[in-house]
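One structure below.
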Amino acid sequence: MESIHEILNEITSSKEGDVLATIIHVEGSAYRKEGTSMLFKGNGKEVGLLSAGCLEADLSYRVQETRVRKTPQTVTYDMSAEDDLTWGNGAGCNGIITVLLEPIDESMFNLLTKLKTFLLNGTSVSMMKILSDDKNEVETLFLVDEKTFFGNCSEGKLDQIKSALIHYTNQKSGLRMIEPLETNTYLHTFHPKPRLFVFGAGKDAIPLVKLASLAGFFVTITDWRADLCSNEYFPDAEQILVGFPREIIPKLQLTASDSAIIITHQFQKDKEILNHILNSNLKYLGVLGGKKRIQRLLEGKKIDTEINSPAGLQIGAEGPEEIAISIVGELIQRQRIKKISKHEE
């Protein structure tokens, strides 16, 4: 998932010398695509990756230039050739990658703080960056809901920029030449973390919550047993809810972009949870156990909801860790591809 969420959590001030690096254009193949960001903190810490390690060493020098100049700059790496004098040598990529470096000054810090607030509230945000011809000046405009804007654009072309951003909202990330603006623009849409609800706080839920969190999910773990459902066992969960299903589920406000895993290992509790969330039209609903158990849970009823059972990619997984890997793999697959049936995997 997007590293922007981790990056936004790391940016705490405009006075620490942080620099944001973003891939704004790719020609050919590359390890990461347009929209990928990485943070170079003033204290030397790095958050995220733009490549498999090919570019970061050189970028660290460019970052220092950006800190000294206190202005943005773009850097292009040609990794398409194979001779010893180019970036392509042994890099494993065959593309040309353009990276935008931006110092986190007060203006940028304030914009990113607003972006973080909207994402935490579950709202997607579209962004347009207007790049000057010399790339040393960048104006940024964000769009929240086709009428709510925030940014640091000059008044002169603000109306044109707003119209262009509305027109190109949610299109593929990358550079575009937009004629009315007479300059290159970079477009990207940020999305909130996908939510995963794990019902059941047994031992096999521990690696599942950890891996799903590492993969970029906003993980909620819920169980009626307070001694199991605690921060001690689930430090990676962003939300821990203790209570019985009939108490918890009505408060969750599940949406079509959410995923859920039922893993209580108690037949009656699985049945209760399943009946509560069957009509929620989730992106992904997984239940441990085979098809026969699902039929028993449903008491033979025919339903329209797709239930992934057994949950997880069919990789012959054994044990809690391997099963967690297979489930998180299937969750990621579902995020990337709208609809996949079991026989197509």
(message) Could you work out the relative contact order of the chain? I mean the mean sequence separation of Cα pairs under 8 Å and 6+ apart, divided by the number of residues, in percent.
(response) 11
(request) Provide the gained length on full extension for the span Ser124 to Lys301, in nm with one decimal, where the gain is 0.36 nm per separating residue minus the Cα-Cα distance. (result) 60.0 nm
(request) Return the long-range amide H neighbours of Asn184 (sequence gap of 5 or more, or a different chain), with a cut-off of under 5 Å between placed amide H atoms. (result) Leu131
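Let me know the shape class of region 193-259, please: from the alpha-carbon gyration tensor, a ≥ b ≥ c as square roots of the eigenvalues, rounded when a/c is under 1.5, otherwise prolate if a/b is greater than b/c, or oblate.
Here region 193-259 falls in the oblate category.
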(message) So the label point goes 7 Å from the Cα of Glu27 along Cα→C-beta, right? Which residues of region 50-76 then have their backbone N under 12 Å from it?
(response) 76
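Which order, highest average first, do 14-23, 41-50 follow once you tally other Cβ atoms within 10 Å for each residue and take the mean per peptide? Display every interim value, and only then the final one.
Details: 14-23: 20.8, 41-50: 15.2.
Final packing ranking: 14-23, 41-50.
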(request) Could you work out how far the C-alpha centroid of region 123-188 sits from that of region 102-121, in angstrom? (result) 16
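Stretched out fully, how many nm does the piece from Arg293 to Ser13 gain, at 0.36 nm a residue minus the Cα gap? Provide the component values of the computation, followed by the final result.
Values: separation 280, 0.36 × 280 = 100.80 nm, distance 5.26 nm.
Contour length minus the Cα-Cα distance gives 95.5 nm.
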(request) Would you mind checking the tilt of helix 106-120 against the longest principal axis of the Cα atoms of the chain, expressed as 0 to 90 degrees and rounded to 10? (result) 20
(message) How large is the convex hull of the C-alpha atoms of region 187-345 per residue, in Å³?
(response) 121
(message) If you wrap a convex hull around the alpha carbons of region 4-190, what volume per residue comes out, as a whole number of Å³?
(response) 119
(request) Report the local net charge at Phe142: Lys and Arg +1, Asp and Glu -1, summed over other residues whose C-beta lies under 13 Å from its C-beta. (result) +2
(request) Please give, to one decimal in nm, the separation of the simple spin-label points placed at Asn110 and His167, each 7 Å out from Cα toward the Cβ. (result) 2.9
(request) Pairs of Cα atoms under 8 Å, at least six residues apart: use those to get the relative contact order of region 195-344, whole percent. (result) 23
(request) Rank-order 293-302, 102-111, 260-269 by packing density, defined as the average count of other C-beta atoms within 10 Å over each peptide's residues, highest first. (result) 260-269, 102-111, 293-302
(request) Please give the calculated 222 nm ellipticity per residue for the chain, where each DSSP H segment of at least 4 residues contributes -39500 (n - 2.57) and the sum is spread over every residue; nearest 500 deg cm²/dmol? (result) -8500 deg cm²/dmol
(message) Could you tell me how far the Cα centroid of region 17-56 sits from the Cα centroid of region 199-236, in Å?
(response) 30
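Relative contact order, percent, of region 4-190 when contacts are C-alpha pairs under 8 Å separated by at least 6 residues? Walk me through the intermediate numbers first.
Working: 358 pairs, mean separation 37.9, N = 187.
Taking the mean separation of contacting Cα pairs over the length of region 4-190, I get 20 percent.
Could you size up the charge dipole of the chain around its Cα centre, putting +1 on the beta carbon of Lys and Arg and -1 on that of Asp and Glu, and report it in debye to the nearest 20? Intermediate values should be presented prior to the final figure.
On the way: 39 positive and 47 negative charges, 316 e Å.
So the magnitude is around 1520 debye.
Throughout, read-outs are computed from the coordinates displayed, never taken from laboratory work. Nothing here was measured: the structure is a model prediction, and the numbers come from that model. Please note: Cβ atoms are built from the backbone with ideal geometry, for glycine as well, and neighbour counts cover all protein chains shown.
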